[in-house]
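Student: This is the structure I have questions about; it appears just below.
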């Protein structure tokens, strides 16, 4: 019985490793961040790094965002064709889209693309990066900057209102923690509670559709 369970677990891990995934890296010295690497699995698992050797941020992306990312990867032929515009434009960072599906692997690198689907896909990854930086700012404020907690919550609130916040579920524990902590100023607690309610309502709306 134990052997069967071990083999089943191994098969599950192999299946996960063979699952399709889309990755994006951007290297742009002098920008903030100067490096980012993001991987999105078909089940919505996301890995985000701002340094090659750092412990990554991990979270679950909403199903609708995952679908959009994989649909765009398909429209771009899973990166089997060039996306670079060839135009003489300012350097905006060395970007790479990468596709994996079992033994299948393909990628394309570019600085600037005129392809609208490439622009949309890049924007999804930029939204992931912006969201994780907001998340890290919230976490940092809770631990080290109580006076800055309201600004950190405001950044999250603004990102949501501008449709730049993804990975809603990962924000809820932090927002709940802020709203219930009486050592934080009331403005921050109230804003955190409102935003948490808004994010939960958005998730429930999607669930019933």
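Student: Considering the stretch 82-106 alone, what residues qualify as being within 16 Å of residue 122 (Cβ to Cβ), in contact with a strand residue (DSSP E or B) (Cβ under 8 Å, 6 or more places away or on another chain) and free of Cβ contacts under 8 Å to residues at least 60 places away in the same chain?
Tutor: 82, 83, 84, 85
Student: Continuing with the same structure: Scan the stretch 1-57 residue by residue and report those that are out of contact with any helix residue (DSSP H, G or I) (no Cβ under 9 Å at 6 or more places or on another chain), in a loop (DSSP other than H, G, I, E, B), farther than 16 Å from residue 133 by Cα and modelled with pLDDT of 50 or more.
Tutor: Listed by number, the residues that qualify are 19, 28, 29, 30, 52, 53.
Student: Okay, moving on. For the subset of the stretch 69-81 comprising residues that are touching a helix residue (DSSP H, G or I) at 6+ places or on another chain (Cβ under 8 Å) and farther than 24 Å from residue 136 by Cβ, which member is surrounded by the fewest Cβ atoms within 10 Å (Cβ to Cβ)?
Tutor: Here is the first cut: in the stretch 69-81, the residues touching a helix residue (DSSP H, G or I) at 6+ places or on another chain (Cβ under 8 Å) are 69, 72-73, 75-76, 79.
This time we only want the ones that are farther than 24 Å from residue 136 by Cβ, so: 72-73, 75-76, 79.
Details: 72: 20, 73: 23, 75: 14, 76: 21, 79: 22.
Checked the stretch 69-81; the qualifying residue surrounded by the fewest Cβ atoms within 10 Å (Cβ to Cβ) is 75.
Student: Output the residues belonging to the stretch 146-205 that are in a loop (DSSP other than H, G, I, E, B) and touching a strand residue (DSSP E or B) at 6+ places or on another chain (Cβ under 7 Å).
Tutor: Scanning the stretch 146-205 gives a single hit, 167.
Student: Also: Would you confirm whether any residue within the stretch 146-154 is out of contact with any helix residue (DSSP H, G or I) (no Cβ under 6 Å at 6 or more places or on another chain) and modelled with pLDDT under 95? Can you show your working first?
Tutor: Within the stretch 146-154, the subset out of contact with any helix residue (DSSP H, G or I) (no Cβ under 6 Å at 6 or more places or on another chain) is 146-147, 151, 154.
Going one step further and asking which of them are modelled with pLDDT under 95, we end up with 146-147.
Checked the stretch 146-154: at least one residue is out of contact with any helix residue (DSSP H, G or I) (no Cβ under 6 Å at 6 or more places or on another chain) and modelled with pLDDT under 95.
Student: Here is a follow-up. Which of the residues that make up the stretch 176-192 are farther than 14 Å from residue 160 by Cβ and within 27 Å of the chain's Cα centre (by Cα)? Explain how you work it out, then say what you get.
Tutor: First, pick out the residues of the stretch 176-192 that are farther than 14 Å from residue 160 by Cβ: 176-190.
Passing the criteria: 176, 177, 178, 179, 180, 188, 189, 190.
Student: Please list, ordered by first then second residue, the pairs with beta carbon atoms under 6 Å, 6 or more apart or interchain, first in the stretch 43-56 and on the phi > 0 side of the Ramachandran plot, second surrounded by fewer than 17 Cβ atoms within 10 Å (Cβ to Cβ) and not in a loop (DSSP other than H, G, I, E, B).
Tutor: 44/60
The values are calculated or read from the model by the stated rules, or taken from the named source; none is laboratory data. No experiment lies behind these values; they were computed from the predicted model shown. Note that each Cβ is placed from the backbone with ideal geometry, even for glycine, and that neighbours are counted across all protein chains shown.
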